[in-house]
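Colleague: What follows is a single structure, and I will ask about it in a moment.
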Amino acid sequence: MNGAIGVFDSGFGGLTVVSEIFKQLPDEEIVYFGDTAHLPYGTKSRDTITRFSLRIMEFLKKQGVKVIVVACNSASSHAIDALRGRAVIPVVDVINPGARAALRLTKNKKVGIIGTTATIRSKSYEKAISKLDSEIKIFTKSCPLFAPLVEEGWIDKQVTLLIAKEYLGPLKDEKVDTLVLGCTHYPLLKKIITRVMGVNVKLVDSAEETAVEVRRVLNEKNLLRKGGGETVKHKYFVSDDPEKFVSLGRNFIEKEIRNIEKVEL
Ligand code: DGL
């Protein structure tokens, strides 16, 4: 089916999910919405995140998308029930795919979760994991400085390593063998996180897992696009400063961002 995949995030971070969808589903078109006027979501309340998310979903529906991917962990943690309650098309979140991957990977049943303050406060990952296996021990830590560091491009600076040691030390002490990167920005910090946690701790990249889930959902509903190749066109919308989005977006995605428009919701 030829409708696009609608993806939204508070800003740039959801491009990590888009990048994975490009790899795994190269024939699909993306309509992306980055709510850059309201970034960050990770410090905001459930009500506010839900209000913004519902508005974005209505906008994407008007663009004729066939599925909506809530690429933002904070929005997936707080707004998913409200979104699913009002959507007539499938809505994919980033929490459940990440939780399933963590269960597949853990051997000692000790799983760490890192994310924004909003995501950690919501306990969304704990709920999703415990539902699947109540014996898993879960250790969480919010890492509010990670997203701004990534947006600054400081992914391999000494200061980032020091902050990572501070945040991740308690999870390392608990000997988690699997760590869920529960925020769109954290896949870009994989190198530093592995330096702190050690090579034996498996990292769950929710972007990768979410793209797998998008393929599964589209396949199940018979919505996969057959062929596309050169004719595939993507469209980006932001609520503020398209130029900044294009330039910061380069940290998250290899493909050049073209076809971008500012919209006020
Ligand atoms: N996209 C957000 C998330 O995954 C991170 C950035 C923000 O706080 O808005 O939670």
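Colleague: Condition first: in contact with a helix residue (DSSP H, G or I) (Cβ under 9 Å, 6 or more places away or on another chain) and surrounded by fewer than 19 Cβ atoms within 10 Å (Cβ to Cβ). Now tell me which residues in the stretch 178-195 satisfy that.
Modeller: Pass one, the stretch 178-195, residues in contact with a helix residue (DSSP H, G or I) (Cβ under 9 Å, 6 or more places away or on another chain): 178-189, 192-193, 195.
Within the stretch 178-195, just 195 meets the criteria.
Colleague: Oh, and also: Can you confirm whether the stretch 161-172 contains a residue that is of a type in the set (Val, Ile, Thr), in contact (Cβ under 8 Å) with a residue 12 or more places away in the chain and open to solvent by 10 Å² or more (accessible area, probe 1.4 Å)?
Modeller: We begin by selecting, within the stretch 161-172, every residue of a type in the set (Val, Ile, Thr); these are 163.
Now restrict to residues that are in contact (Cβ under 8 Å) with a residue 12 or more places away in the chain: 163.
Next, from what is left, pick out any that are open to solvent by 10 Å² or more (accessible area, probe 1.4 Å): 163.
Yes, because at least one residue in the stretch 161-172 is of a type in the set (Val, Ile, Thr), in contact (Cβ under 8 Å) with a residue 12 or more places away in the chain and open to solvent by 10 Å² or more (accessible area, probe 1.4 Å).
Colleague: Follow-up. Suppose the filter is closer than 25 Å to residue 219 by Cβ, without any contact (Cβ under 8 Å) to a residue 24 or more places away in the chain and not aromatic (Phe, Trp, Tyr); does residue 51 pass it? Explain how you work it out, then say what you get.
Modeller: Numbers: closer than 25 Å to residue 219 by Cβ: no; without any contact (Cβ under 8 Å) to a residue 24 or more places away in the chain: yes; not aromatic (Phe, Trp, Tyr): yes.
No.
Colleague: Give the number of residues within the stretch 197-210 that are open to solvent by 10 Å² or more (accessible area, probe 1.4 Å) and either more than 15 Å from the ligand (Cβ to nearest atom) or touching a Ser or Thr at 6+ places or on another chain (Cβ under 7 Å) (or both).
Modeller: Within the stretch 197-210, the subset open to solvent by 10 Å² or more (accessible area, probe 1.4 Å) is 197-203, 205, 208-209.
Narrowing further to those that are either more than 15 Å from the ligand (Cβ to nearest atom) or touching a Ser or Thr at 6+ places or on another chain (Cβ under 7 Å) (or both): 197-203.
Looking only at that region, the number is 7.
Colleague: Another question, then. Looking at the stretch 222-260, which of its residues are open to solvent by 80 Å² or more (accessible area, probe 1.4 Å) and out of contact with any His (no Cβ under 9 Å at 6 or more places or on another chain)?
Modeller: Residues of the stretch 222-260 open to solvent by 80 Å² or more (accessible area, probe 1.4 Å): 222, 226, 230-231, 233, 243-244, 250, 254-256, 258.
Matches in the stretch 222-260: 222, 226, 230, 231, 233, 243, 244, 250, 254, 256.
Colleague: Another question, then. Can you pull out the residues in the stretch 101-113 that are in a strand (DSSP E or B), buried (at least 24 other Cβ atoms within 10 Å of the Cβ) and either away from the ligand (no atom under 15 Å from the Cβ) or without any contact (Cβ under 8 Å) to a residue 12 or more places away in the chain (or both)? Show your work before the answer.
Modeller: Going through the stretch 101-113, the residues in a strand (DSSP E or B) turn out to be 110-113.
From what's left, buried (at least 24 other Cβ atoms within 10 Å of the Cβ): 111-113.
Once the filter is applied, which keeps residues that are in a strand (DSSP E or B), buried (at least 24 other Cβ atoms within 10 Å of the Cβ) and either away from the ligand (no atom under 15 Å from the Cβ) or without any contact (Cβ under 8 Å) to a residue 12 or more places away in the chain (or both), the stretch 101-113 yields 111, 112.
Residues are listed down the side, and each one gets a yes or a no for (1) under 25 Å from residue 141 (Cβ atoms); (2) near the ligand (Cβ under 8 Å from one of its atoms); (3) open to solvent by 50 Å² or more (accessible area, probe 1.4 Å); (4) of a type outside the set (S, T, N, Q):
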site: 40; (1), (2), (3), (4): yes, yes, yes, yes
site: 45; (1), (2), (3), (4): yes, no, yes, no
site: 49; (1), (2), (3), (4): yes, no, no, yes
site: 59; (1), (2), (3), (4): no, no, no, yes
site: 62; (1), (2), (3), (4): no, no, yes, yes
site: 77; (1), (2), (3), (4): yes, yes, no, no
site: 82; (1), (2), (3), (4): no, no, no, yes
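Colleague: Exactly one condition in (1) modelled with pLDDT under 95; (2) away from the ligand (no atom under 16 Å from the Cβ); (3) surrounded by 13 or more Cβ atoms within 10 Å (Cβ to Cβ) is false for residue 139; which is it?
Modeller: Among (1) modelled with pLDDT under 95; (2) away from the ligand (no atom under 16 Å from the Cβ); (3) surrounded by 13 or more Cβ atoms within 10 Å (Cβ to Cβ), residue 139 violates only (1).
Colleague: Report yes if residue 95 is touching an Asp or Glu at 6+ places or on another chain (Cβ under 7 Å), closer than 25 Å to residue 223 by Cα, crowded, with 21+ Cβ neighbours inside 10 Å and at pLDDT 95 or above, otherwise no. Break it down into steps so the answer makes sense when it comes.
Modeller: Details: touching an Asp or Glu at 6+ places or on another chain (Cβ under 7 Å): no; closer than 25 Å to residue 223 by Cα: yes; crowded, with 21+ Cβ neighbours inside 10 Å: yes; at pLDDT 95 or above: yes.
Against the criterion (touching an Asp or Glu at 6+ places or on another chain (Cβ under 7 Å), closer than 25 Å to residue 223 by Cα, crowded, with 21+ Cβ neighbours inside 10 Å and at pLDDT 95 or above), residue 95 does not qualify.
Colleague: Going through the stretch 152-197 one residue at a time, which ones are within 15 Å of the chain's Cα centre (by Cα) and under 20 Å from residue 12 (Cβ atoms)?
Modeller: 181, 182, 183, 184, 185, 186, 187, 188, 189, 190
Colleague: Let me ask something else. Counting residues that are at pLDDT below 95, which helices (runs of 4 or more DSSP H) fully inside the stretch 170-265 reach at least 1? Walk me through it before giving the result.
Modeller: Details: elements: 190-197, 206-220, 242-249.
Ranges flagged: 206-220, 242-249.
Colleague: Also: Of the conditions (1) within 23 Å of residue 223 (Cα to Cα); (2) among the hydroxyl-bearing types (Ser, Thr, Tyr); (3) away from the ligand (no atom under 16 Å from the Cβ), residue 32 fails just one. Which one is it?
Modeller: It fails just one condition, (3).
This table checks each residue for (1) within 12 Å of the ligand (Cβ to nearest atom); (2) surrounded by fewer than 17 Cβ atoms within 10 Å (Cβ to Cβ).
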residue	(1), (2)
87	no, yes
91	no, no
99	no, no
122	yes, no
125	yes, no
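Colleague: Kindly indicate which of 79, 37, 75, 99 is of a type outside the set (D, E, K, R) and farther than 24 Å from residue 208 by Cα.
Modeller: Details: 79 fails: farther than 24 Å from residue 208 by Cα; 75 fails: farther than 24 Å from residue 208 by Cα; 99 fails: farther than 24 Å from residue 208 by Cα.
So the residue among 79, 37, 75, 99 that is of a type outside the set (D, E, K, R) and farther than 24 Å from residue 208 by Cα is 37.
The values are calculated or read from the model by the stated rules, or taken from the named source; none is laboratory data. This one's a predicted model, so the numbers in the text were calculated from it and none came from an experiment. All Cβ positions, glycine included, derive from the backbone under ideal geometry; neighbour counts span all protein chains shown. To get the accessible areas, we keep the full protein, side chains included, count just its heavy atoms, and leave off ligands, DNA and RNA. Shrake-Rupley method; radii C 1.70, N 1.55, O 1.52, S 1.80 Å.
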